[in-house]
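In what follows, a structure is listed as structure tokens, so that the remarks can point back to it.
The values are calculated or read from the model by the stated rules, or taken from the named source; none is laboratory data. No experiment lies behind these values; they were computed from the predicted model shown. Here the Cβ positions follow ideal geometry from the backbone for every residue, glycine too, while neighbour counts run over all protein chains shown. Heads up: the accessible areas ignore ligands, DNA and RNA and are worked out on the full protein's heavy atoms, side chains in. Shrake-Rupley method; radii C 1.70, N 1.55, O 1.52, S 1.80 Å.
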Amino acid sequence: MAPSPSPGTDAREHELEAGLVERKTEQSLPLPAQPPNQSSFISEQLHPALYIAFWIATSSGVILFNKWLLATTNFPLFLTTWHMTFAAAMTQLMARYTTLLDSRHNVPMDFDTYKRAILPIVVFFSLSLIGGNLAYLYLSVSFIQMLKVNTIASTSVVTLLATWAFKIVPPNFNVLGNVAVIVLGVVIASLGEIKFHLLGFLFQACGIIFEALRLVMVQRLLSSPEFKMDPMVSLYYYAPACALINGALMAIVEVPRMKLADFASVGAPLFLVNAIVAFLLNVSTVLLIGKTSAVVLTMSGILKDILLVISSMLLFRDPVTGQQFVGYSIALGGLVYYKLGSDTLRVLAQEATLRVNNVRQNHPARLRYAIIAAVLFSLSLLWLSMRTSAP
């Protein structure tokens with residue numbers, strides 16, 4: 001059994017990766033940007049690497065934390081409802097007693113607008129969470145992370161087909177071909193999955209489709225300048241309705257079979273800590289968007305996914321085959337090319353070459369140590385994969 005992600009986890013990451021949230025971009029070098037102050041409560045002296053580490057830690061921590069909770073309670077809808085209820089309460093308190101969500105006043109929101117523009121997104125958001133959470137009951141953490149790469153591809157396909165169908169933009173078969181490479185990598189990884197479960201895969205596929213539709217609707221909403229919202233403001237609007245929808249489904253599906261003993265081994269304090277970590281993920285997303293460049297955002301997401309796969313292998317002994325490594329590598333490579341483009345990758349390659357040459361000339365010992373460490377790391381991954389794949 002594998003974890004259910006935080007209700008805001010996938011949504012924030014997918015919006016971040018799909019370019020549906022506002023962020024600072026760098027065109028010349030893959031260095032952290034220096035945008036205007038967006039979080040006055042955080043010192044401007046902190047290095048951007050700390051924001052990256054904070055985001056990776058909270059994002060990975062929520063998923064790994066939830067694995068243990070779901071293995072103990074087996075109530076994914078309850079966990080989703082609890083996270084959304086906590087997020088709704090926290091954003092309401094922040095809106096009332098702080099200035100951190102004052103940008104919400106720039107959004108022309110009334111009941112009719114909410115019902116027309118926000119509620120449909122919330123419905124698809126809830127459906128994507130339900131599909132994804134049910135998949136986590138059947139599939140491993142590592143395999144789920146591999147499938148999540150396909151969410152970006154699915155979103156891109158839906159967006160491309162919609163824009164072509166309505167003749168908003170001319171067909172771009174180069175983009176479609178790049179997306180096909182991502183899908184191919186995911187298919188190869190899926191065929192190599194040892195603990196493949198058809199029902200879990202179908203649940204995840206439904207979650208991906210609903211998430212893709214949600215992101216397309218978000219993209220359409222954000223195309224209007226007055227509806228520009230950072231992740232915390234969007235959570236302020238989404239969380240209450242999501243809590244109600246998931247709570248209603250929980251009352252029908254899970255409440256009849258709930259017993260106090262199911263939660264006794266966890267305890268209220270751990271549920272509270274889990275919700276706090278999930279909420280901090282949204283805070284870290286705001287900081288990451290405001291303090292880094294688009295290149296850093298993309299590479300941080302890929303690093304996080306890789307670390308999650310490795311953590312899943314180490315902590316939960318989820319098997320990962322060589323075929324999955326190949327397929328996942330193809331999918332990640334296609335994702336990087338899709339997100340950054342050839343020009344940015346060329347600049348990155350030139351910058352990396354210059355830095356390697358500089359280290360080779362001035363610090364040759366460091367370069368040797370780095371090569372040895374890379375070889376040892378690769379051999380460790382190979383050994384770990386063979387060990388977890390063994391019957």
Next on the checklist: Please compute the modelled spin-label separation between residue 174 and residue 220, points set 7 Å along Cα→Cβ, answer in nm with one decimal.
Outcome noted: 2.8
Checklist outcome for this item: Log10 I(q)/I(0) at q = 0.07, 0.10 Å⁻¹ for region 47-352, from Debye over equal alpha-carbon scatterers, is -0.29, -0.61
Item to check | Backbone N within region 58-83 under 19 Å of label point (7 Å from residue 248 Cα along the Cβ vector) | outcome: 77-83
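How would you order 253-266, 49-62, 128-141, 334-347 from highest to lowest mean count of nearby Cβ atoms within 10 Å?
In decreasing order of mean packing, 253-266, 49-62, 128-141, 334-347 become 128-141, 49-62, 334-347, 253-266.
Set the Förster distance to 30 Å, then compute FRET efficiency between residue 348 and residue 191 from the Cβ-Cβ distance, nearest 0.05.
0.45
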Checklist outcome for this item: Taking region 228-340, the equivalent ellipsoid from its C-alpha gyration tensor has semi-axes in Å, biggest first, of 32, 24, 15
Checklist outcome for this item: So the carbon and sulfur contribution to the accessible area of region 47-352, 1.4 Å probe, in percent, is 71
Checklist entry - Which of the peptides 363-372, 63-72 is most tightly packed, and how do the rest follow, judged by the mean count of other Cβ atoms within 10 Å per residue? => result 63-72, 363-372
Next on the checklist: I'd like the FRET efficiency for residue 198 and residue 307, computed as 1/(1 + (r/R0)^6) with the beta carbon distance as r and R0 of 30 Å, rounded to 0.05.
Outcome noted: 0.60
Checklist entry - Roughly how many nanometres apart are two label points built 7 Å out from the Cα toward the Cβ at residue 47 and residue 112? => result 5.4
Item to check | Restraint check, 228/291; 115/228; 195/304; 115/148; 148/228, Cα-Cα greater than 20 Å | outcome: 195/304; 115/148; 148/228
